[in-house]
1. I'm checking my understanding of the structure. Among residues of the range 302-342 that are in a loop (DSSP other than H, G, I, E, B) and not small (Gly, Ala, Ser), which one is farthest from residue 62 (Cα to Cα)?
2. So is residue 62 closer than 24 Å to residue 404 by Cβ and in contact with a Cys (Cβ under 8 Å, 6 or more places away or on another chain) or not?
3. With respect to the numbered conditions (1) hydroxyl-bearing (Ser, Thr, Tyr); (2) within 20 Å of the chain's Cα centre (by Cα); (3) surrounded by fewer than 23 Cβ atoms within 10 Å (Cβ to Cβ), which one is the sole condition not fulfilled by residue 395?
4. Output the number of the condition that residue 135 fails; it satisfies all remaining conditions of (1) part of a helix (DSSP H, G or I); (2) more than 18 Å from residue 61 (Cβ to Cβ); (3) free of Cβ contacts under 8 Å to residues at least 40 places away in the same chain.
5. For the range 361-380, indicate whether the set of residues that are surrounded by fewer than 19 Cβ atoms within 10 Å (Cβ to Cβ) and in a strand (DSSP E or B) is non-empty.
6. Only one residue in 204, 210, 156 is modelled with pLDDT of 65 or more and among the aliphatic types (A, V, I, L, M), so which one is that?
7. State which residue pairs qualify: first residue at positive phi and inside the range 335-350, second residue in a loop (DSSP other than H, G, I, E, B) in any location, beta carbons under 9 Å apart, and separation of 6 or more residues or different chains.
8. Could you list, in sequence order, all residues of the range 404-424 that are without any contact (Cβ under 8 Å) to a residue 12 or more places away in the chain and surrounded by 14 or more Cβ atoms within 10 Å (Cβ to Cβ)?
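The values are calculated or read from the model by the stated rules, or taken from the named source; none is laboratory data. Not measured: the values here are computed from a predicted model. Cβ placement follows ideal geometry from the backbone for every residue including glycine, while neighbour counts extend to all protein chains displayed.
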Amino acid sequence: MVSRRGFLKSGGLALMGIGLMGGIPGFLAEAVAREQIIKPYGKRKVMVCIFQRGAMDGLMAVTPFTDTYLQQARPTLFMSAAKSSTPGNPLIDLDGHYGLHPSMKAFEPIFREKRLAIVHGIGSPNNTRSHFDAQDYMESGTPFDKGTNSGWLNRAVGLLGHDTLTPFSAVSLTSAMPRSFYGDNPALAISNLQDFGIQMRGNAVGTDLASRSFEELYGQSSAGLLQNTGRESFEAIKMLQKNDVRNYKPANNVVYPNSALGNALKQIAQLIKMDVGLEVAFTESNGWDTHFNQGTENGIFARNVADLSNSIMAFWNDLDAYQDEVTVMTMTEFGRTVHQNGTGGTDHGRASCNFILGNTVNGGLIHGQVQPMSTDNLEDGRDLPVTTDFRSVFSEVADKQLKVNNDRILFPDWKGEKIGVING
């Protein structure tokens, strides 16, 4: 007999958009068709994390525009908040010191409503400038231990305080399982709700189980799974089938950007509103490594931040009555150099900024500390120093949103303090 928890942990049910004809394999479709869904799992608090891979230039996303040192360091990249009759869009003045990139104008109303907070000077205490290492450290939550087997979001799932009754508790809208979800607790990777198959992901029970097909496992233990251990999993899968995800219509006439991030957030909104028990969601935005031709109000960076802010706000407006249940948080592995380089871009740096959106957020504020960017105040004479450890923010959002309240497990070896980015 395979226990329900053992089945979920060992299988890890990764729902992948692998383009199988007919979607769910026939044997599983028949199995769930014979089962009746008793009830939805109901509304749950949800934390949505968006990883901006490639290292976002926080100094261009949210610019301390009164800093003359920054202006001198970026002769062609610096943007002003001053309004003038000359062509061009200035920064959106947030507080007389910081300006939001004009392509992120979708964020301005929610910031004024104090439901969007920005943390500046955030980053990792590990000063690596390797994308791979920095992302690995941030997703594991252990910036000085490369041997950590689990991701911080997987550990958060284990701290939820109740038995995982649905395989949809933790879902990544990506083509592969992210490092953040590695670990013993069940998690899904779903690339497309409209056309998906089921693939096993090996875990703690053993590699021989991972190499066996789901159909073989099902054939040997289906009765026990359905009667005692896997009923909730099959109910959730049937619930996913019963919803017309292909013809989903967002609330409030929302139109999502036709981008990878927009499509992923649209599907996360669907899962939230289907009440399948989602509590931790993850997706990513790529293309933030702006070494060349970064641009100002137009260009690569402007397109990226427009997609980020427009996708998040489409998601937020689509949630409608579910907004009280959801907090959104962005993250990026590090920032960019204070000085622009010779090719109109910026190189790998240290601190960046991130965005937290929700009805319980201490919003309308720029949290964190950014000193005047004279050479003496820069790390190695070139980088914005990290003044807020990312774990200070991640732990606070997870603790307040998910009620996990165990930083020793969530972020081992971290003993810092939270910064007040969430009310209460």
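1. The first filter runs over the range 302-342 and keeps only residues in a loop (DSSP other than H, G, I, E, B), leaving 333-335, 337-342.
Retained after the next criterion (residues that are not small (Gly, Ala, Ser)): 333-334, 337-341.
On the way: 333: 17, 334: 15, 337: 14, 338: 13, 339: 16, 340: 16, 341: 19 Å.
Ranking the candidates gives 341 first.
2. Working: closer than 24 Å to residue 404 by Cβ: no; in contact with a Cys (Cβ under 8 Å, 6 or more places away or on another chain): yes.
Considered against the rule, which asks whether it is closer than 24 Å to residue 404 by Cβ and in contact with a Cys (Cβ under 8 Å, 6 or more places away or on another chain), residue 62 comes out as no.
3. Answer for residue 395: the failing condition is (3).
4. (3)
5. In the first step, residues of the range 361-380 are kept if they are surrounded by fewer than 19 Cβ atoms within 10 Å (Cβ to Cβ); the result is 362, 364-365, 369, 371-372, 374-377, 379-380.
Those left that are additionally in a strand (DSSP E or B): 379.
Looking for residues that are surrounded by fewer than 19 Cβ atoms within 10 Å (Cβ to Cβ) and in a strand (DSSP E or B), one finds at least one in the range 361-380, hence yes.
6. Values: 204 fails: modelled with pLDDT of 65 or more; 210 fails: modelled with pLDDT of 65 or more.
Every option except 156 fails the conditions.
7. Qualifying pairs under 9 Å: 344/76; 344/77; 344/292; 344/293; 344/294; 344/295; 344/299.
8. We begin by selecting, within the range 404-424, every residue without any contact (Cβ under 8 Å) to a residue 12 or more places away in the chain; these are 408, 415.
None - no residue of the range 404-424 is without any contact (Cβ under 8 Å) to a residue 12 or more places away in the chain and surrounded by 14 or more Cβ atoms within 10 Å (Cβ to Cβ), so the list stays empty.
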